[in-house]
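Have a look at the structure below, then the notes.
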Amino acid sequence: MMEYKTMVDAADGSAETVIYTPGDKPYPGLLFYTDIFGVRPAQQGMAEKIAAAGYTVMMPNVFYRYGKLPLLDFEFQMGEERSMKTLGALFGALPGAAMERDAPYYVEALLNRNDVSGSKIAVVGYCFTGAMALRTAAVEPDKVAAAASFHGGRLVTEDADSPHTRIAQVKGELYFGHAVEDQSATPAQIAKLDDTLKGWGGVFASEMYEGALHGWTVPERQDVYNEKQAERHYEKLFDLLKRTIG
């Protein structure tokens, strides 16, 4: 496994970026958006596992407007004042409009690499960036063959630019894997997402992962990590990638 660290241009600056590729030849490209806690060993391990299956995986610091890596230099505790203030600042650093302005830069950076094959890539997002994966497929419809969201939050909001309103622009295949009891993806919100997908006319899947709480894919999150459903998420992702980018 080869690991590269580089800087990638984005709309309002440069993003520290980690790239994994299994060899010295071109492979299909996957853009990997981290959850709200950013690039760190737990998510790098996930990216490396995907790369080992035959993909060049690029993981940018999508929160570059907030700061450089590591994003958190202390132990995060839900409900604790400093932790919640930091969480709010991370959310605020990447509104929907910024996601859509950054996405073309990341797509082009991946496609322009010598170790990436083909004219289209796929994108996956976790937690907060499930919405960014969808937005990326919408703003680069001819370059994104597939987008996946796992325990994605805020996919449906009351805002005029809610992520689900971008579905009509997408040409690639879409996949959504939902957590149970997720306040950021309620049954009503998922139902609205599914209705939009059905009216879209494209290829999609939207599934609930039974017994899997928000964040279930990330090994470091021992309070919610679900090994069985985490492995299912890899199976679903690999099936999607094989169908769409090889």
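The table that follows gives values for the structure above.
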| quantity | calculated |
| --- | --- |
| Unit charges at the beta carbon, dipole of region 46-116: most positive-side option, Met59, Pro104, Met46 | Pro104 |
| Heavy-atom accessible surface of the chain: percent carbon and sulfur, 1.4 Å | 49 |
| Cα lying deepest toward the dipole's positive end in the chain, options Gln77, Leu213, Ala168, charges on Cβ | Ala168 |
| Residue list for region 127-144, given a label point 7 angstrom along the Cα-to-Cβ vector of Glu220 and an amide N cut-off under 17 Å | 127-129 |
| Potential lengthening between Asp142 and Glu207 on full extension [0.36 nm per residue; Cα-Cα distance subtracted] | 20.9 nm |
| DSSP beta bridge pairing in region 16-150, given as percent antiparallel to the nearest 5 | 20 |
| Distance from region 169-246 to region 67-119 (C-alpha centre basis), Å | 20 |
| Reachable lysines, given that their alpha-carbon falls under 20 Å from the alpha-carbon of Lys68 and they are not under 8 places away in the same chain | Lys5, Lys85 |
| Region 38-149: proportion of alpha-carbon pairs further apart than 22 angstrom, % | 36 |
| Derived scalar couplings ³J(HN,Hα) [region 82-94; Karplus, 6.51 cos²θ - 1.76 cosθ + 1.60; whole Hz; x for Gly, Pro] | 4, 4, 5, 5, 5, 4, x, 5, 5, 4, x, 6, 9 |
| P(r) histogram, all alpha-carbon pairs of the chain included - 10 Å bins from 0, percent | 8, 35, 40, 17, 1 |
| Only Lys, Arg (+1) and Asp, Glu (-1) charged, at Cβ; the chain dipole about Cα centre in debye | 520 |
| Region 1-130, dipole about Cα centre (Lys/Arg Cβ +1, Asp/Glu Cβ -1), debye to the nearest 20 | 160 |
| Calculated Rg and Dmax of region 12-52 using C-alpha coordinates, Å | 11.3, 32 |
| Antiparallel DSSP beta bridges within the chain, as percent of all bridges there, nearest 5 | 35 |
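The values are calculated or read from the model by the stated rules, or taken from the named source; none is laboratory data. Everything numeric in this text was worked out from a predicted model, so none of it was measured. So basically every Cβ, Gly included, is an ideal-geometry build from the backbone, and we count neighbours across all protein chains shown. Each accessible area value is taken on the protein alone, full model and side chains, heavy atoms only, with ligands, DNA and RNA left out. Shrake-Rupley method; radii C 1.70, N 1.55, O 1.52, S 1.80 Å.
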